[in-house]
Amino acid sequence: MRLFNLIFPQRRNSAAVAKERLQIILSHERASRDAPDFLPILQRELLAVVGRFVEIRDDMIRINLGKQGDTSLLEINVEIDGAKLNFGRPGGFGGRRATSFEPG
Amino acid sequence: MAKVIVVTSGKGGVGKTTTAAAFAAGLALRGHKTVVIDFDVGLRNLDLVMGCERRVVFDFINVINGDAKLNQALIKDKRNDLLYIFPTSQTRDKDALKREAVERVLDELTEQFDYIVCDSPAGIEHGAITALYFADSALIVTNPEVSSVRDSDRIIGILASKSRRAERNMEPVSLNLLLTRYAPDRVTRGEMLTVEDVREILSIPLLGVIPESESVLRASNTGTPIVFDEESPAGRAYLDAVARFLGEQRELRFVKPERKSFFRVLFGRA
């Protein structure tokens, strides 16, 4: 059998790979497609507000709109572990008021 | 009242125009007065596939601008009395189709026809959205290939949210999956998504499977909708799809590898 495989190497069924990849990407895209339009804006503004106090990156705020039974649930996760305080920096907490915010 | 059918896919090159031509001709062959409209402004091609490119005098934009009457722009097919072609314009202004103007034209067509088949451009820009906006039914043309399936999923989402039926909270656009360029022998070898795979991923009803066939290129070479080629497996598969669309039960054909007879190998006609 091993010799057989050596002579005729088995390729992984590529159609099965295609199906799996599609199922994963589409479940992700469908979830964001059905999300209300305000979520990206909310995320951006939250990022701006939190960013005045601690230094965070775009991916440290995650927003999800889900359902639990009959109630819609807006879930906001802000990861600040290891984030630097923005204390005293211009535009930061204790400094001048932020008029604009550039993530990054 | 005519029924408006949009032929759409998101992705380009999957067989929308071939399908629009074949489906419209198929409906006409079944006795329904049908017009097929090219919505691909600037990239007119339906006329070539239908074989009437030298008979185009007025187009969609001329009618919208009031430079021509609708009946002056409609081209009657030479093979079937019930089939008409409404060519698009070659103008470079791809946003020339205003929704209200298109609505007026469709309202006028609906008086004369049983079916209005709209051949959508690829993409999800203005032209594609205009083509699907007025649809009662949609043929989602999909190849068994990852990018085509993903784009079809996107178009299905747009039909569910941006069509007139969605905006007015009417019964949703009826969705029909048409799997084209299907190669049963490659499916058997595990190189191509199966009918069941695609149906499961997109989860919309399957209207038909059109086998990959050399006859499709031959048909477009000569400007003949593929359903007029009675020998062609693709043509017969399209006629099956039309029959199902009209409510008939037909078994799927051409989804298993064909055993080539010695005769066929020798004379090699697909």
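No lab work stands behind these numbers, since they all come straight from the coordinates. Remember, it's a predicted structure, so these values are computed and weren't measured experimentally. So basically every Cβ, Gly included, is an ideal-geometry build from the backbone, and we count neighbours across all protein chains shown.
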For the protein assembly as shown, divide the Cα radius of gyration by the Kirkwood radius and give the resulting Rg/Rh value with two decimals. 1.09
Is there a quick way to get the dipole size of the protein assembly as shown? I mean about its Cα centre, with the Cβ of Lys and Arg at +1 and of Asp and Glu at -1; what is the value in debye to the nearest 20? 860
Show me B:215-222, B:161-168 ranked by packing, highest mean number of other Cβ atoms within 10 Å first. B:215-222, B:161-168
Name the residue farthest towards the positive end of the dipole of segment B:61-206 from the options B:158, B:121, B:65, assuming +1 on Cβ of Lys and Arg, -1 on Cβ of Asp and Glu, about the Cα centre. B:65
Using a 10 Å cut-off around each Cβ of peptide B:59-65, what is the average number of partner chain Cβ atoms that fall inside? 0
How big is the dipole moment of segment B:88-180 about its Cα centre under a simple scheme where the beta carbon of each Lys and Arg is +1, that of each Asp and Glu is -1, and everything else is neutral? Debye, nearest 20, please. 320
Checked against the positive end of the charge dipole of chain B (+1 on Cβ of Lys and Arg, -1 on Cβ of Asp and Glu, about the Cα centre), the farthest of B:148, B:2, B:184 is B:184
Take every residue in peptide A:15-25, count the Cβ atoms of other chains within 10 Å of its Cβ, and give the average of those counts. 5
Listed residues B:170, A:63, B:132: farthest to the positive end of the dipole of the protein assembly as shown (Cβ charges): A:63
Show me, bin by bin at 5 Å from 0, the whole-percent P(r) of segment B:1-160 based on Cα pairs. 2, 10, 20, 24, 22, 14, 6, 2, 0
Defining a contact as two alpha carbons under 8 Å apart and six or more residues distant in sequence, what relative contact order in percent does chain B show? 24
Greater than 21 Å separation of Cα atoms is the criterion. Which listed pairs, B:11/B:33; B:3/B:162; B:33/B:98; B:69/B:162; B:33/B:78, meet it? B:11/B:33; B:33/B:98; B:69/B:162
Most fluctuating of B:201, B:129, B:61 in the GNM of chain B (C-alpha, under 10 Å) is B:201
Identify all aspartates and glutamates with a Cα-Cα distance to residue B:76 below 13 Å; exclude those on the same chain that are fewer than 8 residues away in sequence. B:47, B:53
What is the packing order of peptides B:232-241, B:204-213, A:74-83, B:63-72, taking the mean over residues of other C-beta atoms within 10 Å and listing the highest first? B:232-241, B:204-213, B:63-72, A:74-83
Could you tell me how far the Cα centroid of segment B:77-109 sits from the Cα centroid of segment B:22-41, in Å? 12
